[in-house]
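Note sheet for the following structure.
The values are calculated or read from the model by the stated rules, or taken from the named source; none is laboratory data. Worth saying up front: this structure is predicted, and the values here are computed from it rather than measured. Don't worry about glycine lacking a Cβ; one is built from the backbone with ideal geometry, like all the others, and counts go over all protein chains shown. The protein model used for the area step is the full one, side chains on, heavy atoms only, and it has no ligands, DNA or RNA in it. Shrake-Rupley method; radii C 1.70, N 1.55, O 1.52, S 1.80 Å.
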Amino acid sequence: MKLYNAPIPAPNPRRVRIFLAEKGVSVPLEDVSIRDRAHKSPEFRQKNSLGQLPVLELDDGTHLSESVAICRYLEELHPAPPLFGSSALERAHVDMWIRRIELTVMTPVGAVWVHTHPYTARLGTQYKDYGESNRERYAKALQWLDRELEGREFVTGSRYTMADVIGLTTVDFAKFVGLDMPADTPHLHAWHARVSARPSAAA
C-alpha cells in the first residue's frame, strides 16, 4: 500500500496524512508534483482518471481516490480511535459536518483559488469578478461556523473527528490563498488553535 501525495499547501492529500497520524498508521508516500502537472499525465490518469490527488494504491493494484473515501477505507482497517464516529448518530453527524464544510466553506475558497490566484492563471480563463465575490462568501461561511462552534471543543462536539480534519485543512489552505479568518470569530479561532496544536496537524 502507498499514498500518492502532494505536500502542503495541497489540502486533500494533507487530510489523509493527518488522518493517518491520528491513527498512528504509517503508509509510504510517493510525492506527485502538482507544479509540474504530473498528476495530469497519462500515466497518473491510469490511477485516477480525473488526474487528482491523493490516490491510495493497494497491494493488489486497486486505486482509491477522494480523500474522505480513502480515510473511510482506512477507518475500516484501523477503527481506533474512531474518527468517523462510533454510533449511527455520531457517524451521521460527522458526515453532515464534512458535507457542510466542503460545500459551505471550501467552495468559496476554491472559487477564489481558481479565479484570482496567480498560480492558477495558466490553467484556463479566470473570472476575476466571480472569484473576488467569493471572498465575502467565505467570510460569511466562517462567521456561520463560528456561531456553530460556540460551546464546542470540536466541530461535532467533544470528540475530534474527520470533520475537524476537513475544517483545519480548508481553513489553512484558505490562508495560503489569501483568505484569513475574520477577527470577529472567537470560537473559530479557539477551535483552530486547539486542532492546530495536535501533533497530527504537522503531517
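Couple of notes before you dig in:
- Top-ranked residue of the range 142-161 - restricted to ones that are under 21 Å from P108 (Cβ atoms) and in contact (Cβ under 8 Å) with a residue 40 or more places away in the chain, ranked as surrounded by the most Cβ atoms within 10 Å (Cβ to Cβ): V155
- Residue that is surrounded by the fewest Cβ atoms within 10 Å (Cβ to Cβ), among those in the range 24-71 that are of a type outside the set (A, V, I, L, M) and under 24 Å from G167 (Cβ atoms): G24
- When residues in the range 44-64 are screened for being of a type outside the set (A, V, I, L, M, F, W, C) and within 16 Å of D31 (Cβ to Cβ), 6 of them pass.
- Candidates V94, V105, V68, filtered to the one that is outside any loop (DSSP other than H, G, I, E, B) and within 20 Å of F176 (Cα to Cα): V105
- Taken together, the residues in the range 108-123 that are open to solvent by 40 Å² or more (accessible area, probe 1.4 Å) and either free of Cβ contacts under 8 Å to residues at least 24 places away in the same chain or among the aliphatic types (A, V, I, L, M) (or both) amount to 6.
- On the stretch given as the range 4-59, residues that are of a type in the set (A, V, I, L, M, F, W, C) and closer than 20 Å to T170 by Cα total 11.
- Complete set of residues in the range 131-141 that are open to solvent by less than 90 Å² (accessible area, probe 1.4 Å) and in contact (Cβ under 8 Å) with a residue 24 or more places away in the chain: N134, R135, Y138, A139, A141
- Selection within the range 130-158 - part of a helix (DSSP H, G or I) and either aromatic (F, W, Y) or touching a strand residue (DSSP E or B) at 6+ places or on another chain (Cβ under 8 Å) (or both): Y130, Y138, W144
- Number of the condition not met by V105 [criteria: (1) open to solvent by 60 Å² or more (accessible area, probe 1.4 Å); (2) in contact (Cβ under 8 Å) with a residue 12 or more places away in the chain]: (1)
Condition check ((1) in contact with a His (Cβ under 9 Å, 6 or more places away or on another chain); (2) of a type in the set (G, A, S); (3) without any contact (Cβ under 8 Å) to a residue 12 or more places away in the chain; (4) over 21 Å from E102 (Cα atoms)) across all residues:
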| position | (1), (2), (3), (4) |
| --- | --- |
| S33 | yes, yes, no, yes |
| K47 | yes, no, no, yes |
| E57 | yes, no, no, yes |
| R72 | no, no, no, no |
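- Of all the criteria given as (1) assigned to a loop (DSSP other than H, G, I, E, B); (2) of a type in the set (F, W, Y); (3) open to solvent by 30 Å² or more (accessible area, probe 1.4 Å), the one not satisfied by F84 is (3).
- Scanning the range 9-26 for residues that are out of contact with any helix residue (DSSP H, G or I) (no Cβ under 6 Å at 6 or more places or on another chain) and of a type in the set (V, I, T) returns a single hit, V25.
- In the range 159-200, the residue that is nearest to R17 (Cα to Cα) out of those that are part of a loop (DSSP other than H, G, I, E, B) and among the polar types (S, T, N, Q) is T161.
- Residue check, A21 surrounded by fewer than 21 Cβ atoms within 10 Å (Cβ to Cβ), touching a residue at least 60 places away in the same chain (Cβ under 8 Å) and within 30 Å of R147 (Cα to Cα): yes
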